[in-house]
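Below is one structure, written out as structure tokens, with a few remarks after it.
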Amino acid sequence: MIRKSIAILILLFVSLNIVAQTTYYYKLTKKVVNGKQSTNVSGGQFITFRSNTCFESNKKGIGVGHGVMKKNESFSTSSVKVYTGNSYWGSSAYYKFNNDLSTLNVVTNDGTIYLYKRTVAPANVTTCSLIRKQGSGGSSASSVYPTNPQPSVPATTYPQNNQNNQNSGNSTNKKQWRYYTEEVTCGTCHGTKTCNSCAGKGTVTRLGMGSNANGSRCTVCGGNGRCNTCSGRGTITRQRSVYE
């Protein structure tokens, strides 16, 4: 009876993990560089959504090691969902989805915009077309953040939010929101750089299974043993805003 109860609990736990996340495939349709659009593009990314976070993954929803992006409530609106954090482009880009997650704009630090559209993944595609090489930390440039996000449409600049100063006489005295970033110790791994769920081993021991049993790979870090929040860096990029 006890074994049966434990088996039911394990099944419920696995089912909850499966239901708790959704994976979509986004096909690259256009690229905008310095205001010039190009449709001579190819490839696509699998994005898995879990609660208020998203990350690049394979078809099964297992992360490819780029890190995690979190919904930024300060920049999101009723029609746009903005995610900041770590991705293939490092921590210097942000993801901008429309409200139903059917389109994605990736905006990089240099103003380049990659436009993706959610679609059914080709039968032979099982993971992202863009995967960073192991050990590559991505761009180290200062992060960029939208100050007035609009629905997912091509754009290259985002004006500073200085509506409260439109009537100021001297433009040099106008205040505006300025955004700064800083590196702080990761609150998930506390600087250890390893995944808390598997203690950096990449595998977890489930009840009734050995660490080498099928399906024992850690679903939190995808089997790489690194902290999924900071991508194994031990630190995260935190933003703060100052009205000056």
Practice task
Might you let me know whether the range 103-110 holds any residue that is of a type outside the set (S, T, N, Q), modelled with pLDDT under 95 and out of contact with any strand residue (DSSP E or B) (no Cβ under 7 Å at 6 or more places or on another chain)?
Solution key: yes
Practice task
Tell me, yes or no, whether the range 44-61 has at least one residue that is within 20 Å of residue 115 (Cβ to Cβ), among the small types (Gly, Ala, Ser), over 14 Å from the mean Cα position of the chain (by Cα) and at pLDDT 95 or above.
Solution key: yes
Exercise for the section: Tell me, yes or no, whether the range 28-39 has at least one residue that is among the aliphatic types (A, V, I, L, M), over 19 Å from residue 224 (Cα atoms), modelled with pLDDT of 95 or more and assigned to a strand (DSSP E or B). Expected result: yes
Exercise for the section: Considering only the range 40-54, state which residues are open to solvent by 70 Å² or more (accessible area, probe 1.4 Å) and not in a loop (DSSP other than H, G, I, E, B). Expected result: 50
Exercise for the section: Please work out which residue is nearest to the chain's Cα centre (by Cα), limiting yourself to the range 176-218 and to residues that are open to solvent by 80 Å² or more (accessible area, probe 1.4 Å), modelled with pLDDT of 65 or more and more than 21 Å from residue 236 (Cα to Cα). Expected result: 217
Problem - Listing of strands (runs of 3 or more DSSP E) fully contained in the range 64-137 that carry 1 or more residues being among the aliphatic types (A, V, I, L, M) and either under 26 Å from residue 40 (Cα atoms) or open to solvent by less than 40 Å² (accessible area, probe 1.4 Å) (or both) - result: 69-71, 80-85, 103-107, 113-119
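The values are calculated or read from the model by the stated rules, or taken from the named source; none is laboratory data. Remember, predicted model here, so these are calculated numbers, not experimental data. Because the Cβ atoms are built from the backbone with ideal geometry, glycine has one as well, and the counts that use them run over all protein chains shown. Just so you know, the surface numbers come from the protein's heavy atoms only, side chains and all, with ligands and any DNA or RNA stripped out. Shrake-Rupley method; radii C 1.70, N 1.55, O 1.52, S 1.80 Å.
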